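Working notes for the structure below.
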Amino acid sequence: MNYGKCWTAMSEGLAVAVVTMGLAASSFGADQETVLHTFTNGSDGSIPFSGLTIDTKGNLYGTTDTGGSPEFGDGTVFQLTPETSGGFSFQTIHAFSQAKGDGGNPAGSVVLDATGNIYGTTSNGGSAGCGIVYELSPTKGGTWKENILHNFQGNRDGCNSSGFVILDEAGNLFGATASGGGGVNNTFCNNGCGTVFELTKLANGKFSEKVIHRFAGENEDGRNPLGGLVFDKSGNLWGTTQVGGHSHSPTCGGADVCGTVFELTPNANGTWTENTLFSFSDNSTGFNPVTNLVIDDEGNLYGTTVNGGPSLEGLVFKLTPEGNGKVTESIVHDFGGACCTDGVHPFNGLTIDAAGNLYGTVQGGGGTTTLCTGGFVDTGCGIVYKLTPNASKARWEETILYAFFGESDGATPLDDHVAVDDKGNVFGSAAEGGDLNAGCPGHQPGGCGVVFEVKP
């Protein structure tokens, strides 16, 4: 296998960045992929597309969109435990069942607190069919107990949460819903254009939910926050919306549908103030961010857009806060420069390590096979990549750590973030591939997905 590296020069523009592509380096990596689990569409679940979370012991946690129960199959939460002899053991720690009042179809990854409890959301199910926020707690017997912390009600507080939740130092939870919250109905909004919510931990261990922002779907406000949130050092919350903003650009397919980056600032009285800090505008900025942001030690934020960039196939961007509610965008990496060894249209988020390196997956590209497109061009079934900055963070080197073949190795990684351990090993999930006869119809190349590890 050949894994290429290339340098991208990042512009230092004011509001809109211009990208200069560097020369491709002549060196190649030799990273190795290991499949840690192949999903069977049985009790283990199927179609994992949320990404993985790693704890201090090296245990991995993730979710599947479907499967887990022969009767209902509304998704699972799973754990992979490292064995002393090598490899990992797999355990389904919860199977969702909407028919029993539980949530269904978890779309975001999970987060763990200091005592090992797991928190996450589902996009469907619950008392109103709009999803839930759940907690899974380990028991002495080795099983896990679910506690439904909140049932979303649609118009009132949001619906269809597809991102992960995050914890503050007090154990309060914060997240977003893609729709609901009350208000408009249109192409992108169903009984509202989404919300940001907080679940406050009470003295009795229960949680109280409140909406801290409702996206209006008009003016410069965003619509449809699909990813998770991130705190900065001052306690402000940052996130993205898929559409909305004030670009007024036809590039995105219509006015005000390019997407935004927003900030929520806490007030002394317990309320929050929302500001749209950046509106994506066209190919030069990228457009339609659908997942989380990550933040470095200097307060710079990084994310991906599905569309735009010089190659029109998505990019990785950087936002530098300038104070007074201003940010400057620069482009870290443009995907799709050469068909088709790089990724194309990243619906995937980022992970940042202590050294400031960025890691991610892209569900398409890699140039290895036609299996995922059925076409005549070797588009590929996705990649795992790393972006390494130089000392000034003005140039970034992309290393393609692995390109999927769409067979037993997996296909179509859709992680909102991968997990990276202190040795630089990358853990993630692929939504397809694995056992191509496992019985997950409707997908190319088939299969129910895998959990993988890529070693540097």
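From the residues in region 307-320 that are open to solvent by less than 10 Å² (accessible area, probe 1.4 Å) and assigned to a loop (DSSP other than H, G, I, E, B), which one is farthest from Q242 (Cα to Cα)?
In the first step, residues of region 307-320 are kept if they are open to solvent by less than 10 Å² (accessible area, probe 1.4 Å); the result is 308-309, 314-317, 319.
Imposing the further condition that a residue be assigned to a loop (DSSP other than H, G, I, E, B) reduces the set to 309, 314.
Working: G309: 16, G314: 13 Å.
The residue in question is G309.
Name the residues in region 48-72 that are part of a loop (DSSP other than H, G, I, E, B) and surrounded by fewer than 23 Cβ atoms within 10 Å (Cβ to Cβ), would you? Step through it out loud before you land on a result.
Our first condition is that a residue be part of a loop (DSSP other than H, G, I, E, B); within region 48-72, this holds for 48-52, 55-59, 65, 68-72.
Matches in region 48-72: D55, T56, K57, G58, N59, S69, P70, E71, F72.
If only one of G228, G239, G222 is under 19 Å from the mean Cα position of the chain (by Cα), within 23 Å of L293 (Cβ to Cβ) and at pLDDT below 95, which one is it? It would help to see each step written out before you state the result.
Working: G228 fails: at pLDDT below 95; G239 fails: at pLDDT below 95.
So the residue among G228, G239, G222 that is under 19 Å from the mean Cα position of the chain (by Cα), within 23 Å of L293 (Cβ to Cβ) and at pLDDT below 95 is G222.
Out of curiosity, is G374 out of contact with any Gly (no Cβ under 8 Å at 6 or more places or on another chain), closer than 22 Å to V450 by Cα and either outside any strand (DSSP E or B) or among the hydroxyl-bearing types (S, T, Y) (or both)? Talk me through it step by step, then tell me what you get.
On the way: out of contact with any Gly (no Cβ under 8 Å at 6 or more places or on another chain): yes; closer than 22 Å to V450 by Cα: yes; either outside any strand (DSSP E or B) or among the hydroxyl-bearing types (S, T, Y) (or both): yes.
Here the answer is yes, as G374 does meet what is asked.
Starting from residues that are at pLDDT 50 or above and over 23 Å from G86 (Cα atoms), keep the ones in region 21-47 and report whichever is surrounded by the fewest Cβ atoms within 10 Å (Cβ to Cβ).
Taking region 21-47 and keeping what is at pLDDT 50 or above, we get 31-47.
Add one more test, that the residue is over 23 Å from G86 (Cα atoms), and what stays is 41-43, 45-47.
Values: N41: 22, G42: 16, S43: 14, G45: 30, S46: 26, I47: 25.
Out of the qualifying residues, it is S43.
Can we say D334 is under 14 Å from V294 (Cβ atoms) and among the acidic types (D, E)? First the steps, then the outcome.
Working: under 14 Å from V294 (Cβ atoms): no; among the acidic types (D, E): yes.
In short, no.
Among the residues of region 264-298, which ones are outside any strand (DSSP E or B), under 20 Å from G349 (Cβ atoms) and open to solvent by less than 40 Å² (accessible area, probe 1.4 Å)?
The answer is F280, T285, G286, N288, P289, V290, T291, N292, L293, D296.
Listed residues V196, V243; which is buried (at least 22 other Cβ atoms within 10 Å of the Cβ), in contact with a Gly (Cβ under 6 Å, 6 or more places away or on another chain) and within 19 Å of A107 (Cβ to Cβ)?
Working: V196 fails: in contact with a Gly (Cβ under 6 Å, 6 or more places away or on another chain).
After applying the criteria, what remains is V243.
Restricting attention to region 411-427, which residues are part of a loop (DSSP other than H, G, I, E, B) and surrounded by 23 or more Cβ atoms within 10 Å (Cβ to Cβ)?
Keep residues of region 411-427 that are part of a loop (DSSP other than H, G, I, E, B), which gives 412-418, 421-425.
T412, P413, L414, D415, D416, H417, V418, listed by residue number.
Which of (1) in contact (Cβ under 8 Å) with a residue 60 or more places away in the chain; (2) of a type outside the set (D, E); (3) out of contact with any Asp or Glu (no Cβ under 8 Å at 6 or more places or on another chain); (4) over 23 Å from H443 (Cβ atoms) is the odd one out, the single condition Y359 does not satisfy?
With (1) in contact (Cβ under 8 Å) with a residue 60 or more places away in the chain; (2) of a type outside the set (D, E); (3) out of contact with any Asp or Glu (no Cβ under 8 Å at 6 or more places or on another chain); (4) over 23 Å from H443 (Cβ atoms) applied to Y359, the lone miss is (3).
I'm trying to understand the selection: among the residues of region 383-406, which are touching a strand residue (DSSP E or B) at 6+ places or on another chain (Cβ under 6 Å) and either β-branched (V, I, T) or assigned to a loop (DSSP other than H, G, I, E, B) (or both)? Spell out the reasoning first.
Step one: list which residues in region 383-406 are touching a strand residue (DSSP E or B) at 6+ places or on another chain (Cβ under 6 Å), which gives 383-389, 395-404, 406.
Within region 383-406, I383, V384, T388, T399, I400, F404, G406 meet the criteria.
Of everything in region 276-324 that's touching a residue at least 60 places away in the same chain (Cβ under 8 Å) and among the hydroxyl-bearing types (S, T, Y), which residue is nearest to G259 (Cα to Cα)?
The selected residue is S281.
Any residue in region 247-255 that is within 19 Å of V332 (Cβ to Cβ), free of Cβ contacts under 8 Å to residues at least 60 places away in the same chain and in contact with a strand residue (DSSP E or B) (Cβ under 7 Å, 6 or more places away or on another chain)?
Taking region 247-255 first, the residues within 19 Å of V332 (Cβ to Cβ) are none.
No, there is no match, as no residue in region 247-255 is within 19 Å of V332 (Cβ to Cβ), free of Cβ contacts under 8 Å to residues at least 60 places away in the same chain and in contact with a strand residue (DSSP E or B) (Cβ under 7 Å, 6 or more places away or on another chain).
Quick one: what pairs do we get from region 379-403, first residue in contact (Cβ under 8 Å) with a residue 60 or more places away in the chain and open to solvent by less than 10 Å² (accessible area, probe 1.4 Å), second assigned to a strand (DSSP E or B) and polar (S, T, N, Q), C-beta under 6 Å, 6+ apart or different chains?
The qualifying pairs are V384/T361; W396/T8.
Hey, among the residues in region 413-455 that are among the polar types (S, T, N, Q) and free of Cβ contacts under 8 Å to residues at least 60 places away in the same chain, which one's farthest from V290 (Cα to Cα)?
N437
Scan the strands (runs of 3 or more DSSP E) fully inside region 106-183 and keep the ones with 2 or more residues being surrounded by fewer than 23 Cβ atoms within 10 Å (Cβ to Cβ) and of a type in the set (S, T, N, Q). Let's see the steps before the verdict.
Working: elements: 118-121, 132-138, 144-151, 173-177.
Output list reads 144-151.
The values are calculated or read from the model by the stated rules, or taken from the named source; none is laboratory data. Computed from a predicted structure; not experimentally measured. Positions of Cβ are backbone-derived with ideal geometry, glycine not excepted, and every protein chain shown enters the neighbour counts. Side chains included, ligands, DNA and RNA excluded: accessible areas come from the protein's heavy atoms. Shrake-Rupley method; radii C 1.70, N 1.55, O 1.52, S 1.80 Å.
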